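**Q** For reference, the structure I am asking about is given below.
The values are calculated or read from the model by the stated rules, or taken from the named source; none is laboratory data. Here the structure is a predicted model, which means the values were calculated and not measured. We place every Cβ from the backbone using ideal geometry, glycine too, and count neighbours over all the protein chains shown. Note: areas computed on protein heavy atoms with side chains; ligands, DNA, RNA excluded. Shrake-Rupley method; radii C 1.70, N 1.55, O 1.52, S 1.80 Å.
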Amino acid sequence: MAKILILEDEPSIAELEKDYLELSEFTVEVETDGEKGLHRALTEEFDLFLLDLMLPGIDGFEICKRIREVKNTPILMVSAKKDDIDKIRGLGLGADDYMTKPFSPSELVARVKAHLARYESLTNAAKMKKNDIVEIRGLKIDRSSRRVFLNGEEKNLTTKEFEVLLFLAEHPNRVYTKEELFREVWDMDAIGDSATVTVHIKKVREKIELDKSNPQFIETLWGVGYRFKV
Ligand code: CA
């Protein structure tokens with residue numbers, strides 16, 4: 001479960017934030033001192049920082065800048081003054097989001113979840129790019145030999161079937177419309193249209209999904225498109 005560090009010197013606010021995030025099953029730690037908080041942010045592993053702007057010792061501007069020099073972990077900045085938000089944006093410190101106090105607990109939780117999901121899909125994509133083999137829940141895609149295995153058994157995909165599958169797997173959790181997939185995978189002058197994509201996805205599923213009515217890898221989002229689930 002994701003671990004969040006709250007840097008907030010107002011104990012009542014910190015407690016409230018902690019309670020709501022814990023209700024959403026996050027692991028939460030609180031630091032009320034800027035210096036200590038920055039030290040922990042730099043030396044320990046967290047998945048997200050909830051950072052108050054005005055802190056004793058060292059302020060949120062500086063902390064944000066220092067974290068960004070070494071980490072890409074999402075930073076959600078919190079301030080009591082609306083003017084500060086413009087200042088944070090203007091300084092280009094690399095914060096991912098900003099909230100003005102007071103904010104609703106549901107807004108806090110929604111934003112935290114959104115940033116965690118985005119960061120997770122980015123890091124997964126980066127990890128996958130490094131390897132020649134993409135492996136997810138028994139599905140193995142070998143880029144260099146262009147072979148696909150499901151639970152050790154080789155599946156024979158055509159060139160385009162392989163390319164659609166690989167493209168989606170390389171961009172996990174992102175939704176693509178049929179038109180986007182057609183543009184990405186087929187040549188510009190290819191004969192066909194988005195219906196071609198539908199046909200290929202169907203063929204790929206027949207080969208890699210154990211239960212085609214309940215796909216585990218390529219998910220359909222009705223009226224939107226497809227996404228590779230990880
Ligand atoms: Ca404060």
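**Q** Conditions: (1) over 22 Å from Phe103 (Cα atoms); (2) modelled with pLDDT of 95 or more. Met1 meets all but one. Number of the miss?
**A** Failed condition: (2).
**Q** State which residue is nearest to the ligand (Cβ to nearest atom) when the search covers only the range 1-15 and only residues that are part of a strand (DSSP E or B) and open to solvent by less than 50 Å² (accessible area, probe 1.4 Å).
**A** It comes out as Leu7.
Rundown of residues vs (1) within 23 Å of the chain's Cα centre (by Cα); (2) farther than 16 Å from Lys203 by Cβ; (3) not assigned by TED's automatic domain parsing to the domain that holds Glu206, yes/no style:
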{"site": "Ser145", "(1), (2), (3)": "no, yes, no"}
{"site": "Phe149", "(1), (2), (3)": "no, yes, no"}
{"site": "Thr159", "(1), (2), (3)": "no, no, no"}
{"site": "Leu166", "(1), (2), (3)": "yes, no, no"}
{"site": "Val175", "(1), (2), (3)": "yes, yes, no"}
{"site": "Leu181", "(1), (2), (3)": "yes, no, no"}
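**Q** Could you please tell me which pairs satisfy a Cβ distance under 8 Å, a separation of 6+ or placement on different chains, a first residue in the range 83-107 that is open to solvent by 60 Å² or more (accessible area, probe 1.4 Å), and a second residue that is outside any helix (DSSP H, G or I)?
**A** Listed pairs, sorted by first residue: Arg89/Tyr98; Glu107/Met99.
**Q** Moving on. For Asn131, only one of the following conditions fails: (1) farther than 30 Å from Ile63 by Cβ; (2) modelled with pLDDT of 85 or more. What is its number?
**A** All conditions pass for Asn131, except number (2).
**Q** Among the residues of the range 205-214, write down those that are free of Cβ contacts under 8 Å to residues at least 12 places away in the same chain and either surrounded by 18 or more Cβ atoms within 10 Å (Cβ to Cβ) or in contact with a helix residue (DSSP H, G or I) (Cβ under 7 Å, 6 or more places away or on another chain) (or both).
**A** Lys212
**Q** Follow-up question, since we're still on this one. From the list Ala114, Ala126, exactly one residue is without any contact (Cβ under 8 Å) to a residue 60 or more places away in the chain, among the small types (Gly, Ala, Ser) and farther than 17 Å from Ile4 by Cβ. Which is it?
**A** Only one candidate qualifies: Ala126.
**Q** Pick from the range 42-80 the residues that are under 21 Å from Pro11 (Cα atoms) and away from the ligand (no atom under 16 Å from the Cβ): which of them is surrounded by the fewest Cβ atoms within 10 Å (Cβ to Cβ)?
**A** Taking the candidates together, the pick is Phe46.
**Q** Asp96 - would you say it is touching a strand residue (DSSP E or B) at 6+ places or on another chain (Cβ under 8 Å), under 19 Å from Asn173 (Cα atoms) and in the same structural domain as Gly34 (by TED's automatic domain parsing)?
**A** no
**Q** Now for a separate question. Quick one: how many residues across the range 115-124 are at pLDDT 90 or above and either over 9 Å from the mean Cα position of the chain (by Cα) or crowded, with 16+ Cβ neighbours inside 10 Å (or both)?
**A** 2
Conditions tested, residue by residue: (1) open to solvent by 70 Å² or more (accessible area, probe 1.4 Å); (2) within 30 Å of Met77 (Cα to Cα); (3) not hydrophobic (A, V, I, L, M, F, W, C).
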| site | (1), (2), (3) |
| --- | --- |
| Lys113 | yes, yes, yes |
| Ala126 | no, yes, no |
| Ile141 | no, no, no |
| Asn151 | yes, no, yes |
| Glu179 | yes, no, yes |
| Thr220 | no, no, yes |
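**Q** Being open to solvent by 70 Å² or more (accessible area, probe 1.4 Å) and touching a residue at least 24 places away in the same chain (Cβ under 8 Å) narrows it down to one residue among Arg227, Arg174; which is it?
**A** So the residue among Arg227, Arg174 that is open to solvent by 70 Å² or more (accessible area, probe 1.4 Å) and touching a residue at least 24 places away in the same chain (Cβ under 8 Å) is Arg174.
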